[in-house]
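The values are calculated or read from the model by the stated rules, or taken from the named source; none is laboratory data. Because the structure is predicted, anything quoted here is derived from the model rather than measured. For neighbour counting, all protein chains shown are included, and Cβ atoms are generated from backbone atoms with ideal geometry for every residue, glycine included.
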Amino acid sequence: MRFCNGAATVTSFPWEPAIPINIASSAAGGDVCAEPFPPFLFVCVFWRREKMSARTHPVSRQRSPDDQENSGISGAGAWLDAHYDPVASLYTFSSCMALEDLNRDGDHKGPSLSFETPLLDLPHGGQRLLHGQPLTPELQPLPWQQARCLRLQELRPYFNLPYPTFSKSLSFPILHIPVSVTLREGNKEVPLSVRSLKYLQLEDDAELQASFLATFRHIPLRRKSVITAMAILKKSHTEDDAVSCLVVASENGDIYVLDPEAFTVLKQFLLPSPAVFLSVTGLHDVDYHISAACRDNCIYTFKSGASTTPRYKIPLASQPCGLQRINKDVVVGCMDDSLASYSVKGRRQWSLRLPASLTCMELLHHRPRSFKAVVVALQNREVRIYKDKFLVNCITVDDVVVGLKFGPFGREDGVLLMVTQGGALLVKILKRSVSFEAKDLTPGPPAAQLDKLNIPKRTRVYVEQMAREKANASTMHSVFQQDLSRLRLQITQAYAKAVTSRLTPLTASPDCSLKIAAQVQGLGPIFRLTVTVQNTSPSKPVTNCYITFRCDEGLYRITRKFIQMPLLVPTVSYNFDTMVQCTDDMGRAEEISVYVVQNHTSTPLITAVLNMPVSETIIVT
């Protein structure tokens, strides 16, 4: 266990180094404990930037959030590189890290080693626990999570709290003598001790069973358990130096709230599955909530004063990887690369897909700005910060981050400590002037589309009209259907008349497929009339066609009233011109009809109606 000077972060070494090391410790009554590797505790300190040593240089290969890939995030450039030690050899997780000024003197001397002590077993977690009167520099308890709770006082092992064991009756092992399949299936959910399980494995050998029973029948049965998760619950005040209670979860599915002074059980809760993550909010003497993420892919919520069974159950899609509580919502990361938020009653608020697998989570609570967010470390070497479901900051490092801790460190209120998979230690300081804004960077409709419209209140006329429509709904529907039928009939009649009279610009005859267009050029009183005809047939030419005009002879005089067209080749456009003179002194305008006719037919093949413009009266002759 290692300590450094000043305000500190506490981590452990649960991983095995390349060379096994045997250590001996006399912390538990002189017993010698041989371990294949030393489980240490490390404490690091914050220092002033002008006093950096040779190893406290900023990360050279690390990409800051000022990169172009993060230019759309509101919190880009929010961190200062304070410390980077690639050879720190720290192998730990978030549960084994804590922040505390161990000496309580406010003296920050740099990242030098202050204290080191071995542990008898691998720690699973650590918490900063305060109890009794305000602590003096000589008293700093830190509980570490093993099969028992170890309290450190004066930076040394001080008190061992064995986890509660469960005694069984002496007749309990005798019940296993006539073991059968029916009895085993009927009692498969009954929790057994290690000795009972060992006895059941000897059912094929009667002699070994008798010998085993004769050896252990007079020794009381005890079912031991180990601690799986640990958290801190403030007792009566919310200050940082207020008295706290220890909350522990066991492999048996129990949650205990322990007294901070005598370590007696104040409250016990029962879970259907062992808890792997705990999140505690509130005060023990007022009101508190405990959220536990368990191995059965569920989150259970307990409330003070209620029964010992869970009050709410939140099912998850996969195994949880982290659990944090922000205000009244529970944020959980799962192994299916998802991050979701649920209300206390189990209603899902939002869910998003992460770009890689999640390795650890941490709550970012910046007290000066009252800002709360979730920090998640991903397998693709990214550390992301989410405010609700919006990404507000992203940090890219050179290795996968497996441990995160955020809090006051030295003279700064917001410092993020990261431990990578390779054992490196990174310290980043949050800028005091940074402002995180929740912006939705995902493509989709604009945010204004989600705003509610300002719908006016219902007037008296609207209410009366709505009442009349409800009373005469059948009659209104019948009238609407009749009007719709009449409209369809009129449209059909008009279309049939246009087709039979050849008034459309396209021919309907299969033998002759033509298209006509006409345009007028000039200001008057003399106009140029251009008629464009095209054979739309893919391969069949058209012959013996003529163009003729119909107009008011008292208003217009046409130079060529009859134009003979040549052979019309398919897909080729032909233009035919004629001059039109307006003879009216007032310059009035009328329509001119253009017809395409063919020999031996009484109706035109195609018709175009041209609206003539008003002639200039000034130059009318």
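Just a yes or no: is a residue in segment 220-228 surrounded by 13 or more Cβ atoms within 10 Å (Cβ to Cβ), among the small types (Gly, Ala, Ser), closer than 29 Å to residue 276 by Cα and in contact with a Leu (Cβ under 8 Å, 6 or more places away or on another chain)? Looking for residues that are surrounded by 13 or more Cβ atoms within 10 Å (Cβ to Cβ), among the small types (Gly, Ala, Ser), closer than 29 Å to residue 276 by Cα and in contact with a Leu (Cβ under 8 Å, 6 or more places away or on another chain), one finds none in segment 220-228, hence no. Would you mind stating whether residue 231 is surrounded by 15 or more Cβ atoms within 10 Å (Cβ to Cβ) and among the aliphatic types (A, V, I, L, M)? Yes, satisfied.
Among the residues of segment 292-315, those identified as part of a loop (DSSP other than H, G, I, E, B), in contact with a Phe, Trp or Tyr (Cβ under 7 Å, 6 or more places away or on another chain) and of a type in the set (Ser, Thr, Tyr) are 304, 308. Quick check: anything in segment 530-549 part of a strand (DSSP E or B) and farther than 17 Å from residue 516 by Cβ? Among the residues of segment 530-549, not one is part of a strand (DSSP E or B) and farther than 17 Å from residue 516 by Cβ, which makes the answer no. Per the listing 596, 580, 572, the residue uniquely modelled with pLDDT of 85 or more, among the β-branched types (Val, Ile, Thr) and touching a Gly at 6+ places or on another chain (Cβ under 9 Å) is 580.
Determine, yes or no, whether residue 392 is touching a Ser or Thr at 6+ places or on another chain (Cβ under 6 Å), within 20 Å of residue 427 (Cα to Cα), assigned to a strand (DSSP E or B) and not aromatic (Phe, Trp, Tyr). When the stated conditions are applied, residue 392 passes them. Determine whether segment 165-176 contains at least one residue that is outside any loop (DSSP other than H, G, I, E, B), within 45 Å of the chain's Cα centre (by Cα) and either modelled with pLDDT under 85 or loosely packed, with under 12 Cβ neighbours inside 10 Å (or both). Checked against the condition, which is being outside any loop (DSSP other than H, G, I, E, B), within 45 Å of the chain's Cα centre (by Cα) and either modelled with pLDDT under 85 or loosely packed, with under 12 Cβ neighbours inside 10 Å (or both), segment 165-176 yields at least one hit. Right, residue 467: assigned to a helix (DSSP H, G or I) and over 29 Å from the mean Cα position of the chain (by Cα) or not? Yes; evaluated as a whole, the condition is true for this residue.
Let's see how each residue does on (1) within 20 Å of residue 514 (Cβ to Cβ); (2) among the hydroxyl-bearing types (Ser, Thr, Tyr); (3) in contact with a Phe, Trp or Tyr (Cβ under 8 Å, 6 or more places away or on another chain):
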residue	(1), (2), (3)
557	no, no, no
576	yes, no, no
579	no, no, yes
587	no, no, no
611	no, no, no
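All conditions but one from (1) exposed (fewer than 14 other Cβ atoms within 10 Å of the Cβ); (2) basic (Lys, Arg); (3) free of Cβ contacts under 8 Å to residues at least 12 places away in the same chain apply to residue 345; the one that does not is (3). In segment 430-450, the residues that are of a type in the set (D, E, K, R) and surrounded by 10 or more Cβ atoms within 10 Å (Cβ to Cβ) form Cβ pairs under 7 Å with partners that are in a helix (DSSP H, G or I) and at pLDDT below 75, at six or more places apart or across chains, as follows: 440/447. Residues of segment 319-336 that are buried (at least 23 other Cβ atoms within 10 Å of the Cβ) and over 16 Å from residue 229 (Cα atoms): 330, 331, 333.
Entry remark, segment 352-368: residues being free of Cβ contacts under 8 Å to residues at least 40 places away in the same chain and surrounded by 14 or more Cβ atoms within 10 Å (Cβ to Cβ) number 5 in total.
Tallying residues that are on the phi > 0 side of the Ramachandran plot and surrounded by 20 or more Cβ atoms within 10 Å (Cβ to Cβ) within segment 246-269 yields 1. Of the candidates 515, 540, 561, the single residue that is within 60 Å of the chain's Cα centre (by Cα) and among the basic types (Lys, Arg) is 515. Within segment 417-429, one or more residues are within 23 Å of residue 366 (Cβ to Cβ), under 23 Å from the mean Cα position of the chain (by Cα), in contact (Cβ under 8 Å) with a residue 40 or more places away in the chain and surrounded by 20 or more Cβ atoms within 10 Å (Cβ to Cβ).
Only one entry in 346, 322 is within 19 Å of residue 390 (Cα to Cα) and more than 13 Å from the chain's Cα centre (by Cα), namely 322. Being modelled with pLDDT under 75 and within 28 Å of residue 323 (Cβ to Cβ) is a property that residue 244 lacks.
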